[in-house]
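Below is one structure, written out as C-alpha cells; comments come after it.
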Amino acid sequence: MDPSFAVVLVVLIVSVAGVVGTVWSARLRAERGLRKDWLGNEVPIDPGASEARQREIEELRERVKVLERIATDKRVHLADEIEDLRSKD
C-alpha cells in the first residue's frame, strides 16, 4: 500500500467518524430536550418555540388541504374559489 494512500485513508476514516459522532450527539441532545448555545453549553430547548412551530405546521397543512381540494375538484371554477379564499383572509 502506498504511504500517501494510507494517510488519505486514515484522514477519511477520522473525518467520517467525527461527522457521525457529531450527528449522533446532536440527536441524543434533541431527544433529551437540549441544544447547544453559542458557547457550547447545553441548554433546554424553548418549549414555546416548539408549540409555535407546531401551530404553524398545522396551518400550513390546512392550506395544503385547501389547495389539493381546489386542484382536484372539477365542479368548482378555480378563479372563483381563489377569490373566495382571498376574501376570507
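Where a number appears in this text, it was derived from the coordinates with a stated rule and is not lab data. Just so it is clear, the model here is predicted, and its values are computed rather than measured. Quick reminder, even Gly has a Cβ in these numbers, built from the backbone with ideal geometry, and neighbours come from all protein chains shown.
The lysines whose alpha-carbon is closer than 22 Å to the alpha-carbon of residue 65, local same-chain residues fewer than 8 away aside, are 74, 88. Dipole check for the chain: with +1 at the C-beta of Lys and Arg, -1 at the C-beta of Asp and Glu, and the Cα centre as origin, the magnitude is about 240 Debye.
For residue 45, the residues whose amide H sits under 5 Å from its own are 34, 35, ignoring neighbours fewer than 5 places away on the same chain, with H placed 1.01 Å from N. Does segment 46-89 come out rounded, prolate or oblate, given a ≥ b ≥ c as the square roots of the eigenvalues of its C-alpha gyration tensor, rounded meaning a/c under 1.5 and, failing that, prolate meaning a/b above b/c? Since a/c reaches 1.5 but b/c is at least a/b, the shape of segment 46-89 is classed as oblate.
Coordinate range of the alpha-carbon atoms in segment 1-45 per principal axis, descending: 49, 20, 7 Å.
For the chain, what is the calculated [θ] at 222 nm in deg cm²/dmol (nearest 500), taking -39500 (n - 2.57) for each run of four or more DSSP H residues and dividing by its residue count?
After summing the helix terms and dividing by residue count, I get -26000 deg cm²/dmol.
Ordering 70, 4, 41 by Cα displacement along the dipole of the chain toward the positive end leaves 4 in first place; charges were set at the Cβ atoms of Lys, Arg (+1) and Asp, Glu (-1).
Under the convention that each Lys and Arg Cβ holds +1 and each Asp and Glu Cβ holds -1, the size of the dipole of segment 46-89 around its Cα centre is about 200 debye. In degrees between 0 and 90, to the nearest 10, how far off the longest principal axis of the chain does helix 78-88 point, with axes built from Cα atoms? Long axis of 78-88 versus the principal axis of the chain: about 80 degrees.
Per Stokes-Einstein, at 37 °C and 0.692 mPa s, what whole-number D in µm² s⁻¹ belongs to the chain, with the Kirkwood radius over Cα pairs as the hydrodynamic radius? Mind showing how you got there, number by number?
Working: Rh = 18.4 Å.
For the chosen part, D equals 178 µm²/s.
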